Amino acid sequence: MGRLDGKVALITGVSSGIGRAATTLFIEAGAIVFGVDRNADAGQSLIAELQDKGRSLHFLAADLSTESACIEVIRHTYERAGRIDILYNNAGILILSPFTQTNAETLEHIFAVNFKSVFYLCQQVIPHMQQQGSGVIINTASELAIVAQPLYAAYCATKGAVLSLTRALALEYAKDNIRINALCPGPVATPLLQQEFDLAADPNQAEQEGISAMPIGRLGKPEEIAQVALFLASDAPALMQGASIVVDGGKTIL
Ligand code: NAD
């Protein structure tokens, strides 16, 4: 018996990093996973990887940065699955930029992907979950919704907005048996974090500094975030509502 046996999960950003690890883990736990990502090639490679293990993924290539794409993704999933038990909003991007040089286009783009997609997907899925009488939503924020870092102003703001949205929705829909929580990862070894290191004059040194900032002496692994997402998606944390779950190897308590 898996912890998610028979549950339908919609996960965004499945082609890489944390979303990729969560997809594998959720399927192994018995979920029927619908995965969305703008990167279709990497999505196909995940499908092939899962097929080698006798598993299957319903993959949809979509760029979630518009409301219409979010509407279409939810419509498509209901048409095929008939229900969504778990929405795991994981897709996100990182843009590093000095605050005074962050232009309107950059700001609009990072908000569209990191925040507005979460807003619109929740908006589309909640009426269905109300009708079902249950549902679980996991929204991905970041430790950088809680602490700060120079050059990350726009990113921090999008993740802070995700935390606030999560708390507001958790209150508004608690009585509908919809459990809504936020996951706040610390530094995790994924292409997104590597992109940050690669922007430094000395990427190796940047990585070592990143590791030094971790009390556990290493970066997180995507599977370690996925395990917490699995716990949040399962029936176990029945009392958790509107929580911000920090999973960061102790970085934010330093
Ligand atoms: P990643 O870059 O490895 O994976 C992100 C995935 O999201 C990619 O497959 C990408 O194609 C997809 N994606 C991006 N924009 C999209 C869009 N417009 N439409 C559809 N798909 C899109 O990143 P990751 O490190 O696995 O990050 C996953 C989430 O965790 C993000 O929300 C990120 O902000 C958050 N996070 C990551 C870290 C970290 O250190 N890696 C720390 C805190 C929070």
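Since every read-out is calculated from the coordinates, none of them should be taken as a lab result. Please read these numbers as outputs of a predicted model, since none were measured by experiment. All Cβ positions, glycine included, derive from the backbone under ideal geometry; neighbour counts span all protein chains shown.
Odds and ends about this structure:
- Scanning segment 136-178 for residues that are in a strand (DSSP E or B), of a type in the set (A, V, I, L, M) and either surrounded by fewer than 17 Cβ atoms within 10 Å (Cβ to Cβ) or in contact (Cβ under 8 Å) with a residue 60 or more places away in the chain (or both) turns up V136, I138.
- Candidate set from segment 103-135 (those that are assigned to a helix (DSSP H, G or I) and hydroxyl-bearing (S, T, Y)); member that is nearest to the ligand (Cβ to nearest atom): S117
- Taking the numbered list (1) in contact with a strand residue (DSSP E or B) (Cβ under 8 Å, 6 or more places away or on another chain); (2) more than 10 Å from the ligand (Cβ to nearest atom) in turn, V188 passes all entries but (2).
Residue-wise test of (1) free of Cβ contacts under 8 Å to residues at least 24 places away in the same chain; (2) under 22 Å from Q195 (Cα atoms); (3) surrounded by 14 or more Cβ atoms within 10 Å (Cβ to Cβ).
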{"position": "R38", "(1), (2), (3)": "no, yes, yes"}
{"position": "G54", "(1), (2), (3)": "yes, no, no"}
{"position": "S68", "(1), (2), (3)": "yes, no, no"}
{"position": "A81", "(1), (2), (3)": "no, no, yes"}
{"position": "L87", "(1), (2), (3)": "no, no, yes"}
{"position": "I93", "(1), (2), (3)": "no, yes, yes"}
{"position": "C122", "(1), (2), (3)": "no, no, yes"}
{"position": "I126", "(1), (2), (3)": "no, no, yes"}
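- For segment 202-217, the set of residues classified as of a type outside the set (A, V, I, L, M, F, W, C) and assigned to a helix (DSSP H, G or I) consists of P203, N204, Q205, E207, Q208, E209, G210, S212, listed by residue number.
- Residues that are within 16 Å of the ligand (Cβ to nearest atom), in a loop (DSSP other than H, G, I, E, B) and over 22 Å from T12 (Cα atoms) within segment 218-251 comprise R218, L219, G249, G250, listed in sequence order.
The rows are residues; the columns are (1) within 13 Å of the ligand (Cβ to nearest atom); (2) closer than 25 Å to V113 by Cα; (3) in contact with a strand residue (DSSP E or B) (Cβ under 6 Å, 6 or more places away or on another chain).
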position	(1), (2), (3)
L4	no, no, no
I11	yes, yes, yes
R38	yes, yes, no
S56	no, no, no
A61	yes, yes, no
L87	no, yes, yes
